[in-house]
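**Q** Got a structure for you, questions after.
The values are calculated or read from the model by the stated rules, or taken from the named source; none is laboratory data. What you are looking at is a predicted structure, and each value in this text was computed from that prediction instead of being measured. Every residue, glycine among them, receives a Cβ derived from its backbone with ideal geometry; neighbour counts consider all protein chains shown.
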Amino acid sequence: MAASLQGVYIPLVTPFLHGEVDFESYQRLVTHYRGTGISGIIPVGTTGEAPTVEEEEAARIVEATLECAGTGVSVYVGISAASTRKALHAVQAFSRYPVEGFLVTSPYYNLPSQQGIYEHFRCIAESTDRKVLIYNIPYRTGRNVENETILRLSRLPNIAGIKDSCGIVGQSIELLRERDPAFSVLTGEDVLFYFNLVSGGNGGILAAAHVQTERFVSVCRLVRENNHRDALKEWNTVSRVIPLLFREPNPGPLKYLLARKGLIRSEEVRLPLAPISDALKRVLDQLLADGAV
């Protein structure tokens, strides 16, 4: 059986204006991206500054996503909590919406054992009939989800895949080799998107795909068609920009570009994030002037 999640998924930024969620800009973003060939949108994830978004705001963001996404674009809600009980509460709250599933971050700060991580995801999976994606990002959570744990979890009925941001290429290679083909492996390391695809992976959940979206989608399509020469040529163009989008904390650089392109009204971020530096603004302005983003 083929993996159920394939292609490019965007963890959407949350636009702010004067300290409040800018829903006008948010709806414009969803409407824009649904026509780019992406497979899905993830509201209130890390790139959506989820730790700074209040529960009521998050509910309205999910509602706005579903309103504008239409058919053909999957919606997975970002869930992050250090406590399993809090994660379960969030899953139950968002289950009243017709979302396809949840992208659940491995529990952070507590530094649980692999058994604790397994039980965390098992409890969440058993609490819902929606698809659950594991989000492994140890440089934020403090604990790596090891492949043995991932493979155990993949045997649970509705654990559908993983956003792999482990940052360990050897672990990613091993996971792609050992996983069941029905278990989706989507990279969260934007610079490894092409590597994921040509190594048998299923795509990516990519902040960088906010810009040059159609090119990311094109890379995916060309690899599926076994047109690796053109896929690599496209990727070499796309990948040059990615490091600049993460030179300062995400999503600051992205928000600056989206505001300059007129897709959102303000580059505003919420504390503890701060606006990007003037030096980076000049670099991004040059990219815009050159038509590179």
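**Q** Going through segment 234-293 one residue at a time, which ones are of a type in the set (Lys, Arg) and surrounded by 19 or more Cβ atoms within 10 Å (Cβ to Cβ)?
**A** LYS255, the sole residue that qualifies.
Quick grid of which residues meet (1) at pLDDT below 95; (2) basic (Lys, Arg); (3) out of contact with any Pro (no Cβ under 9 Å at 6 or more places or on another chain); (4) crowded, with 20+ Cβ neighbours inside 10 Å:
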{"position": "GLU100", "(1), (2), (3), (4)": "no, no, yes, no"}
{"position": "LEU103", "(1), (2), (3), (4)": "no, no, no, yes"}
{"position": "PRO107", "(1), (2), (3), (4)": "no, no, yes, yes"}
{"position": "ILE117", "(1), (2), (3), (4)": "no, no, no, yes"}
{"position": "ILE134", "(1), (2), (3), (4)": "no, no, yes, yes"}
{"position": "GLY142", "(1), (2), (3), (4)": "no, no, yes, no"}
{"position": "SER154", "(1), (2), (3), (4)": "no, no, yes, yes"}
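Let's see how each residue does on (1) closer than 30 Å to GLU67 by Cβ; (2) at pLDDT 95 or above; (3) buried (at least 23 other Cβ atoms within 10 Å of the Cβ):
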{"position": "VAL77", "(1), (2), (3)": "yes, yes, yes"}
{"position": "ILE150", "(1), (2), (3)": "no, yes, yes"}
{"position": "ILE162", "(1), (2), (3)": "yes, yes, yes"}
{"position": "ARG179", "(1), (2), (3)": "no, yes, no"}
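**Q** Out of all the residues in segment 154-164, which are farther than 16 Å from PRO181 by Cβ and within 20 Å of the chain's Cα centre (by Cα)?
**A** ASN158, LYS163 - these are the residues of segment 154-164 that are farther than 16 Å from PRO181 by Cβ and within 20 Å of the chain's Cα centre (by Cα).
**Q** Limited to segment 185-221, what total is found for residues that are within 19 Å of LEU175 (Cβ to Cβ) and charged (D, E, K, R)?
**A** Within segment 185-221, residues that are within 19 Å of LEU175 (Cβ to Cβ) and charged (D, E, K, R) number 2.
**Q** Is there a residue being surrounded by fewer than 20 Cβ atoms within 10 Å (Cβ to Cβ), within 24 Å of LEU245 (Cβ to Cβ), in contact (Cβ under 8 Å) with a residue 60 or more places away in the chain and over 14 Å from the mean Cα position of the chain (by Cα) anywhere in segment 65-75?
**A** Within segment 65-75, none of the residues are surrounded by fewer than 20 Cβ atoms within 10 Å (Cβ to Cβ), within 24 Å of LEU245 (Cβ to Cβ), in contact (Cβ under 8 Å) with a residue 60 or more places away in the chain and over 14 Å from the mean Cα position of the chain (by Cα).
**Q** Could you list, in sequence order, the residues of segment 31-58 that are on the phi < 0 side of the Ramachandran plot and part of a loop (DSSP other than H, G, I, E, B)?
**A** ARG34, GLY35, THR36, ILE38, SER39, PRO43, GLY45, THR46, THR47, GLY48, VAL53, GLU54
**Q** Is it the case, given these coordinates, that ALA160 is in contact with a Ser or Thr (Cβ under 6 Å, 6 or more places away or on another chain) and closer than 23 Å to VAL99 by Cβ?
**A** yes
**Q** From the residues in segment 89-98 that are in contact (Cβ under 8 Å) with a residue 24 or more places away in the chain and more than 20 Å from the chain's Cα centre (by Cα), which one is surrounded by the most Cβ atoms within 10 Å (Cβ to Cβ)?
**A** The selected residue is ALA93.
**Q** Considering only residues that are among the β-branched types (Val, Ile, Thr) and either within 11 Å of THR14 (Cβ to Cβ) or in contact with a Gly (Cβ under 7 Å, 6 or more places away or on another chain) (or both), which ones fall in segment 47-85?
**A** THR47, THR52, VAL53, ILE61, THR65, VAL73, VAL75, listed by residue number.
**Q** Same structure again: Taking segment 102-141 on its own, how many of its residues are in a loop (DSSP other than H, G, I, E, B), under 18 Å from SER165 (Cβ atoms) and either within 15 Å of the chain's Cα centre (by Cα) or β-branched (Val, Ile, Thr) (or both)?
**A** So the count comes out to 2.
**Q** Suppose we keep only residues that are farther than 14 Å from TYR76 by Cβ and not charged (D, E, K, R) within segment 34-62. Which one would you say is surrounded by the most Cβ atoms within 10 Å (Cβ to Cβ)?
**A** VAL53
**Q** Can you find a residue in segment 106-127 that is under 22 Å from GLY7 (Cα atoms) and out of contact with any Asp or Glu (no Cβ under 7 Å at 6 or more places or on another chain)?
**A** Scanning segment 106-127, I find no residue that is under 22 Å from GLY7 (Cα atoms) and out of contact with any Asp or Glu (no Cβ under 7 Å at 6 or more places or on another chain), so the answer is no.
**Q** Are any residues in segment 164-176 surrounded by fewer than 16 Cβ atoms within 10 Å (Cβ to Cβ) and either within 20 Å of GLY40 (Cα to Cα) or touching a Gly at 6+ places or on another chain (Cβ under 8 Å) (or both), and if so, which ones?
**A** None - no residue of segment 164-176 is surrounded by fewer than 16 Cβ atoms within 10 Å (Cβ to Cβ) and either within 20 Å of GLY40 (Cα to Cα) or touching a Gly at 6+ places or on another chain (Cβ under 8 Å) (or both), so the list stays empty.
**Q** So which residues in segment 65-94 are in a loop (DSSP other than H, G, I, E, B) and over 17 Å from ASN110 (Cβ atoms), if there are any at all?
**A** GLY70, THR71, GLY72, VAL73
**Q** When the residues of segment 181-194 are narrowed to those that are surrounded by fewer than 17 Cβ atoms within 10 Å (Cβ to Cβ) and of a type in the set (A, V, I, L, M, F, W, C), which ends up farthest from ASP230 (Cα to Cα)?
**A** Taking the candidates together, the pick is ALA182.
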